[in-house]
1. Can you pull out the residues in the stretch 123-151 that are surrounded by fewer than 20 Cβ atoms within 10 Å (Cβ to Cβ) and either away from the ligand (no atom under 16 Å from the Cβ) or on the phi > 0 side of the Ramachandran plot (or both)?
2. Please verify whether the stretch 48-68 includes one or more residues that are within 15 Å of the chain's Cα centre (by Cα) and either surrounded by 14 or more Cβ atoms within 10 Å (Cβ to Cβ) or more than 13 Å from the ligand (Cβ to nearest atom) (or both).
3. Output the residue which, of all residues in the stretch 1-38 that are near the ligand (Cβ under 8 Å from one of its atoms) and under 21 Å from Ala168 (Cβ atoms), is surrounded by the most Cβ atoms within 10 Å (Cβ to Cβ).
4. Return a yes/no flag: does the stretch 90-109 have any residue that is surrounded by 21 or more Cβ atoms within 10 Å (Cβ to Cβ) and assigned to a loop (DSSP other than H, G, I, E, B).
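The values are calculated or read from the model by the stated rules, or taken from the named source; none is laboratory data. If you're wondering where the values come from, they're calculated on a predicted model, not measured in any experiment. Here the Cβ positions follow ideal geometry from the backbone for every residue, glycine too, while neighbour counts run over all protein chains shown.
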Amino acid sequence: MAALPDFIGGRVTVKVGDITREDVDALVNAANGSLMGGGGVDGAIHRAGGPAILEECKAIRSSRYPKGLPTGEAVLTTAGRMAARYVIHTVGPVYGTVAAEAKLAGCYRSCLALAVDRGLATIAFPAISTGVFGYPRQEAAAVSSRAIQKHLENSPGIEQVRLVFFAAEDAEVFLDHHVFG
Ligand code: APR
């Protein structure tokens, strides 16, 4: 695939691949509220990172989130065996649930805010909610790009946001429907 375009002065890049292989400060997991793992990118991250991630998720559940991580919020754990330093787990909305668009934007905002809080400069995102949670890719592209651009305008510390799509077609749909200025 030809080199994909970048956005916002090169601070946002788009690529096709397996997010577990990204060497970034933090990679984002499209988790579920239990934080106990699952399929899709959640399963891939736990498999690639190893049990240390689940151990920290269990500690988070028993201390801060006994009822589970609410949709739109984000927590940070080790990335275990992966090249990345951290995993930021967020729970996307299921498409069609109440305020799904606002909650999806909230996922991107929460993850970026957490990265800023921790002084992280590079972060990779999967296409949150566009798999099992059924969010149409073209609608998600507009929501995610708008939320990322808005946050980056006030977060000079974030040097690079990588949008990692598992399938080339997903990247193409994103490139056709993003709203980066
Ligand atoms: N790297 C990058 N992207 C990936 C990878 C990977 N290794 N594996 C899957 N994806 C992509 C999917 O193709 C999809 O485009 O991540 C996107 C999000 O899909 P899901 O992983 O299904 O996540 P989501 O739609 O947010 O549903 C979350 O699924 O796995 C469960 O525990 C998880 O309950 C939660 C739900």
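1. Gly134, Arg146, Gln149, Lys150
2. No: the stretch 48-68 contains no residue that is within 15 Å of the chain's Cα centre (by Cα) and either surrounded by 14 or more Cβ atoms within 10 Å (Cβ to Cβ) or more than 13 Å from the ligand (Cβ to nearest atom) (or both).
3. For the stretch 1-38, the residue satisfying everything is Ile19.
4. yes
Yes or no, residue by residue, for (1) part of a loop (DSSP other than H, G, I, E, B); (2) at pLDDT 95 or above; (3) under 20 Å from Val94 (Cα atoms):
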{"residue": "Ala124", "(1), (2), (3)": "no, yes, no"}
{"residue": "Ala127", "(1), (2), (3)": "yes, yes, yes"}
{"residue": "Ala142", "(1), (2), (3)": "no, yes, yes"}
{"residue": "Ala171", "(1), (2), (3)": "no, yes, no"}
